[in-house]
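Notes follow once the structure below has been shown.
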Amino acid sequence: MCRIAGIINKQNPPLKQDIVSMRDAMHRGGPDDFGIYIDKDVPLAFGHRRLSLIDLSPLGHQPMLDDTGKIIIIFNGEIYNFQEIKSRLVSKGHHFISQSDTEVIIYAYKEWGINCFEKFNGMFALVILDKINNKVILARDHAGIKPLYYFLNSNELVFASEIRAFKALKPNWPDNENWKKYFLLFGHLPEPITTLQNVLPLPKGTIMEIDTNTLKSTQHKFFNLYYNYSINSVDEAVYKVKETLTNAVERHLISDAPIGLFLSGGIDSSLLTALAKPFVGDNLHTLSIVFEDEKYSEKYYQDLIIQQTKAHHQSYVVTEQNFFDSLPDILQAMDQPSSDGINSYFICKYAKELGLKAVLSGLGADELFGGYQSFYRTSTLNKLNKIPNFALAMTGIFPDDKRKRISFLKYKNGLGEYLFNRGFFIPTQVASLLDCSVEEVQHLLLNYGDNLPKFITTLDDVERVSYLETNLYMQNQLLKDTDYMSMWHGIEVRVPFLDKQLIELIYSINPAVKYNNQQIKFLLQKSFDNSLPKEIWDRKKQGFVFPFEEWMKGIKPKNSNNELLHKLQKSMLNNTLHWSRYWSFILASTNAKPQFN
C-alpha cells in the first residue's frame, strides 16, 4: 500500500522538486520508503511513497523497473493472487528477483499487455511507463477501492493518489466551482466530482492509455459487472457464498507485516474474525473502540467473538475530549470534504498504536447483502413514486428533513431514490445556503442522474437499492473515507467483501434468493448461520456509531459571523437537524480548513 504521483509536461518539463512536492504531500500514506524516477526524454517524473506489507526488503522499492529498464511502474495496493500469476509467468520463462507483487505486475504486463489487469484480484491504482510502445497506462481496480486522480490536456498529464498532491504542485490550482453544491446534496463528492477544476478520478475497473508523444488518451473497461442471475437456488447460493468468502478472507490475510481485524461487534466484522481464525491460529489480533456512554457500547457483542476465537484483543476508549483534541488532525487527514470518516480516523489511529500495518474491514457487506434500512423501504418508495411530480416537489416545504427528502423522488432516474434515502439538503436549501439559484442546483442533479446507467431502472427494486448503495454511498463515501483516514496513519485497510470473485458471485445470484424482507442480510446469515453466536445475528443493526450527536453540539468555527451557520447550529441543538448536515455545511462554508472553539 502506497502513494503515487506523476507528471508529463512537454512545455515545462517536470523538475525533481515538482515531483518531490507532490510525493511528499502524501508522506503519511507511505512512511517506509520513497523514490522518484525522472525521464528527460518523455519528459516525465514519477514519485512513490511506500507502506511495506509484502516483501519488506529493499527489493520492493519503487519506482520499479523491469530487467531492460523499458517498463517502469509505480503501484498502490495489493494483488492477492500474485503468487498464482507469478507461477504462470515463471513457467513462461520470466525471472524474478523479489517476492513483491509489484514485480509480478511488471512481467504480467510484459506477457499479456493490458489484458493482464483482467487477471488481477486485488485493490490497486497504478501507472506504467512503457518506453517500448511510447505510452503511459493508468489503471484502477475492479471496485474502485484505491483512488487515482488525474488532470490531462494536450500539453500535460498530472496524476496522484490524493487531491492534496495537485495543490502541492500548483497551490493556486482553481477550485471546481460546483463542488459545494454536490457536497451539500450528497454529503460527499460523487465521482467524477472533485474539489479541483478538471481533476477527475479514473473510473473503477478502467485502463487509460496515453500516448507519451501526443498525450492523446483512450479508456478501456477491463472489468464491467453485469447481472446474469445464473444461480437460482438457495442451497447453491449458500454453498458458493460460504466457499468464496472464506477463500477471500484467506487471500486478504497475506502479509509480511503485522495484520489484524477491526471488530465492531456487528455481523460483518464478527464474521470476518471467525473466518480468519483457522488461517492465523493463535496470531489473531483484533481491536475495537468503546465509549463511556453505554448506549453506544458494542462491548457485549465484541466479547462474544473474542471468547469464541480467543483473539488477542485491544479496546480503546474514545472520549469527547479525545474527539476535540483530534479535530485539527482529523481535518488535515481529510483529502476532500466528507460528512463522515471520523470513526475511521480513530480506529486507524489505534491500529497504528497497536503495531499493525494492515487490518481487515467488513466494508461492502451491507451494500451487497442488504444490510441497510433502504433495502426495506422499497414498498414505501413504490407508493410514493405514484404521486404526481408537482405534489412530490411540494413536500420540500415540510419542516423536517426526512419528509423534505420525498421531494427528491421527482427525479425519475434512480438518483431520486438514492437521495430519498441518503440525501442531505434538497435543492432549495442548497440554493439558500450557497446563495445561488435553485435552477443551478437542479441542473446539476438532472445532469448527474442522466449519466447514471440506464439499465438500473430495469432492475428489481431491492437490487436497484444495492446498486445505488454500492456505486454512490460506498464508492464515494465509505471507500474514500477509509482510504484517506487509514493512509494518514500508515495503515492499510483490506476489504474481503469486495473481493473480485465474491462480487462476481453476488451479481450472479437471483435477487429472490439473495434478499428476504423478513431478514436483514438473509443470504449471508444463511451461509454462516453456525459460525457466530446467535446473539450476533438476532440484534438490531447499530453500525459503527460514535456519540457525534452530543459531541457536535460543542462545535462552531472561530470568529464565525455566518448567520446561516448559527441558524443550523440552533436547529441541531433543538434536535431538528442531524449533526452530519451541520458538519457538512461547516466544511462547505469555509474555504480553508475550519478552526473550532
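The values are calculated or read from the model by the stated rules, or taken from the named source; none is laboratory data. All figures in this text were calculated on a predicted structure; none of them were measured in a lab. We place every Cβ from the backbone using ideal geometry, glycine too, and count neighbours over all the protein chains shown. Heavy atoms of the whole protein, side chains included, go into the accessibility calculation; ligands, DNA and RNA do not. Shrake-Rupley method; radii C 1.70, N 1.55, O 1.52, S 1.80 Å.
Per residue, the chain exposes 40 Å² of solvent-accessible protein surface, assessed with a 1.4 angstrom probe and all protein chains in place. Using θ = phi - 60° in the Karplus curve 6.51 cos²θ - 1.76 cosθ + 1.60, the 3J(HN,Hα) couplings for region 365-382 round to 5, 4, 5, 8, 10, x, x, 9, 5, 4, 5, 10, 10, 5, 5, 4, 4, 4 Hz; x is entered for Gly and Pro. Would you mind counting up the charge near Pro13? Only other residues with Cβ under 15 Å from its Cβ, with Lys and Arg at +1 and Asp and Glu at -1. Overall, the nearby charge balance is -1.
What is the Å³ per residue value for the convex hull set by the Cα atoms of region 351-414?
Residue-normalised Cα hull volume stands at 146 Å³.
The stretch between Gln197 and Ser437 holds 84.3 nm of extra length on full extension. This uses 0.36 nm per residue minus the Cα-Cα distance.
Each label was represented as a point 7 Å from its Cα along the Cα-to-Cβ direction; for Tyr226 and Glu353 these points are 5.1 nm apart. Three principal axis extents describe the C-alpha atoms of region 138-277; from largest down they are 55, 38, 33 Å. Here the calculated FRET efficiency for Asn322 and Thr68, from their Cβ-Cβ distance with R0 = 56 Å, stands at 0.60, rounded to the nearest 0.05.
Computed from the mean reciprocal separation of all distinct C-alpha pairs, what Kirkwood hydrodynamic radius does region 289-377 have, in Å? Radius from the Kirkwood sum: 15.5 Å.
Each semi-axis of the equivalent ellipsoid for region 73-119 is √(5λ) with λ an eigenvalue of the Cα gyration tensor; in descending order they amount to 14, 13, 10 Å. Report summary: the helix-based calculation at 222 nm, which adds -39500 (n - 2.57) for every DSSP H run with n ≥ 4 and divides by the residues of the chain, gives -11000 deg cm²/dmol.
Between the beta carbons of Ser57 and Ser87, assuming R0 = 30 Å, the FRET efficiency works out to 0.90 to the nearest 0.05.
Scan around Phe34 for amide H atoms under 5 Å from its own, H built in the peptide plane at 1.01 Å from N, and keep only partners 5 or more places away or cross-chain. So Phe34 has HN proximity to Arg50.
Amide H contacts of Met123: Glu78, Tyr80, each under 5 Å away and 5 or more positions distant or on a separate chain (H built 1.01 Å from N in the peptide plane; Pro and chain starts excluded). Annotation: amide H-H contacts under 5 Å for Gly265 (H modelled 1.01 Å from N, sequence separation of 5 or more, or interchain): Ser270. Taken as Cα centroids, region 26-66 and region 122-138 sit 14 Å apart, rounded to the nearest whole angstrom. Remark: the Leu446-Asn517 segment gains 22.5 nm on full extension, using 0.36 nm per residue and subtracting the alpha carbon distance.
Any idea what diffusion coefficient region 312-464 gets from Stokes-Einstein, in µm²/s, Kirkwood Rh on alpha carbon pairs, 4 °C, 1.567 mPa s? Please list the in-between numbers first.
Numbers: Rh = 18.7 Å.
It comes out at roughly 69 µm²/s.
The calculated FRET efficiency for Thr457 paired with Phe390, based on their beta-carbon distance and R0 = 25 Å, is about 0.70. Across region 80-225, the mean sequence separation of Cα contacts (distance under 8 Å, 6 or more residues apart), normalised by length, yields a relative contact order of 22 percent. Dipole orientation for the chain: of the candidates Gly355, Leu200, Asn575, Asn575 has the Cα lying most toward the positive pole (charges on Cβ; Lys, Arg +1; Asp, Glu -1). Here the Karplus curve 6.51 cos²θ - 1.76 cosθ + 1.60, taken at θ = phi - 60°, turns the phi angles of region 50-58 into couplings of 10, 10, 7, 10, 10, 6, 6, 6, x Hz, with x standing for Gly and Pro. Taking a point 7 Å out from the Cα of Glu504 in the direction of its Cβ, the residues of region 104-134 whose backbone N falls within less than 14 Å of it are 116-122. With the simple spin-label model, which puts each label point 7 Å out from Cα in the Cβ direction, the Glu111 to Lys242 separation comes to 3.4 nm.
For the chain, a Kirkwood hydrodynamic radius built from all Cα pairs, placed in the Stokes-Einstein relation at 10 °C and 1.306 mPa s, yields a translational diffusion coefficient of 63 µm²/s.
Relative protection proxy for 285-292, 41-48, from highest mean packing down: 41-48, 285-292 (other beta-carbon atoms within 10 angstrom). Site-free segments of the chain were taken between trypsin sites (Lys or Arg not before Pro) in DSSP loops having at most 13 other Cβ atoms within 10 Å, sites themselves excluded; the longest one is 413-539.
If each of Asn575 and Asp400 carries a label point 7 Å out from its Cα toward its Cβ, how far apart are those two points in nm? The answer from the label model is 1.2 nm. Relative contact order of region 151-216, taken over Cα pairs closer than 8 Å and 6 or more residues apart, is 33 percent. Length gained on full extension, Ser297 to Leu15, computed as 0.36 nm times the residue gap minus the Cα-Cα distance: 96.3 nm.
Please get the size of the charge dipole for the chain, origin at its Cα centre, with Cβ charges of +1 on Lys and Arg and -1 on Asp and Glu, quoted in debye to the nearest 20.
Numbers: 65 positive and 66 negative charges, 197 e Å.
So the dipole magnitude of the chain works out to roughly 940 debye.
Each of Ser87, Val127, Val438 was placed along the dipole of the chain (beta-carbon charges, centred on the mean Cα), and the one lying farthest toward the positive end is Val438.
For region 455-536, what class follows from the C-alpha gyration tensor (a ≥ b ≥ c being the square roots of its eigenvalues): rounded when a/c is under 1.5, otherwise prolate if a/b is larger than b/c, else oblate? Taking the square roots of the gyration eigenvalues as a ≥ b ≥ c, region 455-536 is oblate.
Solvent-free Debye calculation, one equal scatterer per alpha-carbon of region 546-587: log10 I(q)/I(0) at 0.18, 0.29 Å⁻¹ equals -0.43, -1.10.
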